[in-house]
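One structure is given below, represented as structure tokens, and several questions about it will come after.
Throughout, read-outs are computed from the coordinates displayed, never taken from laboratory work. Computed from a predicted structure; not experimentally measured. All Cβ positions, even for glycine, are placed from backbone atoms using ideal geometry, and neighbour counts span all protein chains on display.
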Amino acid sequence: MSERTVTVFTADHGDVTMPEPSWCTGEHPFEGYRADIEHQGEEIELTVQTPCHGPVAVAKAGLLQRPFSELGPKAPLVMVEFDELHEYDAETLAGLLDALVAWAIGPMHQLHERLLLLEGGDQ
């Protein structure tokens, strides 16, 4: 099986042909500079139902790779967007996941229990 490739035009290196990861969506608009080239996977969203606004996306995540980056790792990462974009390797992503689970089953669960008491008239 032959490797899939993609060619992206850049301002500093002209046409750059490179391997295309199987998970990449294949969307490569004009990237500007070679160091800016990104492979991006499909985004997944965390959407929650809110009483006043209906469904609201509170986070997005997906695979990301910058094969020519001069500043960071060239290996794939997971980008997670809450208030802004954050990038995680496998180790730091595990820490984020642990923190989210701990938050959900710890303080958030305690708030839920307290709210149930308050709604039941136990002020």
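Mean-square fluctuation check for the chain, GNM, Cα pairs under 10 Å: which of H112, H86, H13 is largest?
Answer for the Gaussian network model of the chain: H112.
Neighbour counts of other C-beta atoms within 10 Å: give me T92, T10, T17 arranged from fewest to most. All intermediate terms of the calculation are to be shown ahead of the outcome.
Details: T92 13, T10 17, T17 9.
Placing the least packed residue first, the sequence is T17, T92, T10.
Between (i) 14.8; (ii) 17.6; (iii) 16.2, which matches Kirkwood radius over Cα pairs in Å calculated for the structure shown?
Computing Kirkwood radius over Cα pairs in Å and matching it to (i) 14.8; (ii) 17.6; (iii) 16.2 gives (ii).
Using the 10 angstrom Cβ neighbour count as an exposure proxy, how do L96, L115 rank, fewest first?
Working: L96 15, L115 10.
Placing the least packed residue first, the sequence is L115, L96.
Could you give the angle, 0 to 90 degrees to the nearest 10, between helix 90-105's Cα long axis and the longest principal axis of the Cα atoms of the chain?
20 degrees
What are the ³J(HN,Hα) values, in whole Hz, obtained from phi via the Karplus relation 6.51 cos²θ - 1.76 cosθ + 1.60 with θ = phi - 60°, for each residue of the range 61-75 in sequence order, with x given for Gly and Pro?
8, x, 6, 8, 9, 10, x, 10, 4, 9, 10, x, x, 8, 6
Given the rule -39500 (n - 2.57) for each run of at least 4 DSSP H residues, summed and divided by the residues of the chain, what is its mean residue ellipticity at 222 nm, to the nearest 500 deg cm²/dmol?
Helices in the chain give a 222 nm mean residue ellipticity of -7500 deg cm²/dmol.
With everything on Cα atoms, drop me the angle between helix 107-119 and the longest principal axis of the chain, reported from 0 to 90° to the nearest 10.
40 degrees
Give the relative contact order (percent, whole number) for the range 5-88; include only Cα pairs under 8 Å separated by 6+ residues. Write out the running numbers ahead of the final one.
Values: 166 pairs, mean separation 16.8, N = 84.
Relative contact order here is 20 percent.
Now a separate question. Most exposed first by the Cβ proxy, i.e. fewest other Cβ within 10 Å, how do D36, D89 rank? Intermediate values should be presented prior to the final figure.
Working: D36 16, D89 12.
Ascending number of Cβ neighbours within 10 Å: D89, D36.
Related question: Under a 5 Å amide H to amide H cut-off, with H placed in plane at 1.01 Å, what residues pair with E38 once short-range neighbours are removed?
Under 5 Å from the amide H of E38 lies no amide H from a residue far enough along the sequence or on another chain.
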